[in-house]
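Everything below concerns the one structure shown next.
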Amino acid sequence: PPITPDVYFANINSTTGGLDAWTNAGPLPEPLLGHAMFNIGDKLYVIGGVGTDYLPRNKVWVTTVNPDGTINGWTDTNNNIGNAVYHFMSTRIGDYLVVAGGRGPKLHGGTMYKEVYLAKINPDGTLEKWVKTTEDLPIVLCCAGIAATAHRIYITGGHDARV
């Protein structure tokens, strides 16, 4: 199947705790796979991923969510992460977004990354410049689970491209 540009949202039903029907919110900035998406206030950020040319991106795009849940297009933040990457791990810890590891610079290539990048979230929801941390992951890694607590980041599973 083709790489799609679709963005969907569903409201959480306050009566049942389930989801209401999924609704098309609008398109991504381009069709992508293996990317990450975060919300900060009423903004959505999309980071990295692979486009229809099957090349990874290092771009970061932003859009604003309308009160009805739809989006109105994306802006390139011109604040790129260090590697053109996909299937990386990403999380938010406090006032920072984290991007760790991943694959690139081409789809299904054997190159893997162990670098970790941080971007501070400003009070207005914009991101400061991405900074490479002094500590890399202990091994090159993609496709892992990631979670953050108040002061720690945990990464589990994944693989190092030897499979």
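Of everything in the range 1-24, what is open to solvent by 40 Å² or more (accessible area, probe 1.4 Å), in a loop (DSSP other than H, G, I, E, B) and within 17 Å of Val50 (Cβ to Cβ)? Give them in sequence order.
Pro1, Pro2, Thr4, Pro5
For Lys120, indicate whether it is among the basic types (Lys, Arg), open to solvent by 10 Å² or more (accessible area, probe 1.4 Å), out of contact with any Lys or Arg (no Cβ under 9 Å at 6 or more places or on another chain) and within 26 Å of Val140 (Cβ to Cβ).
no
Against the condition at pLDDT below 95 and under 16 Å from the mean Cα position of the chain (by Cα), how does Ile47 come out, does it pass?
Taking the combined requirement at face value, the residue does not satisfy it.
So Ile71 clears everything in (1) modelled with pLDDT under 95; (2) of a type in the set (A, V, I, L, M, F, W, C); (3) more than 25 Å from Thr156 (Cα to Cα) except one condition, right? Which one?
(1)
Pick from the range 128-149 the residues that are in contact with a Phe, Trp or Tyr (Cβ under 7 Å, 6 or more places away or on another chain) and at pLDDT below 95: which of them is least open to solvent (accessible area, probe 1.4 Å)?
Cys142
Could you check the range 58-68 and list, in sequence order, the residues that are open to solvent by less than 20 Å² (accessible area, probe 1.4 Å) and within 15 Å of Val7 (Cα to Cα)?
Trp61, Thr63
Has the range 102-115 got any residue that is assigned to a strand (DSSP E or B), crowded, with 19+ Cβ neighbours inside 10 Å and either under 13 Å from the mean Cα position of the chain (by Cα) or basic (Lys, Arg) (or both)?
yes
Looking at the range 25-57, which of the residues that are open to solvent by 40 Å² or more (accessible area, probe 1.4 Å) and out of contact with any Phe, Trp or Tyr (no Cβ under 9 Å at 6 or more places or on another chain) is nearest to Gly94 (Cα to Cα)?
Taking the candidates together, the pick is Gly41.
How about the range 73-91: which of its residues are in a strand (DSSP E or B) and crowded, with 16+ Cβ neighbours inside 10 Å?
Across the range 73-91, the qualifying residues are Val85, Tyr86, Met89, Ser90, Thr91.
The values are calculated or read from the model by the stated rules, or taken from the named source; none is laboratory data. Since the structure is predicted, the reported quantities are computational estimates derived from the model, not experimental observations. Note that each Cβ is placed from the backbone with ideal geometry, even for glycine, and that neighbours are counted across all protein chains shown. Ligands, DNA and RNA are stripped out before the accessible areas are found, and what is left, the full protein with its side chains, is counted by its heavy atoms. Shrake-Rupley method; radii C 1.70, N 1.55, O 1.52, S 1.80 Å.
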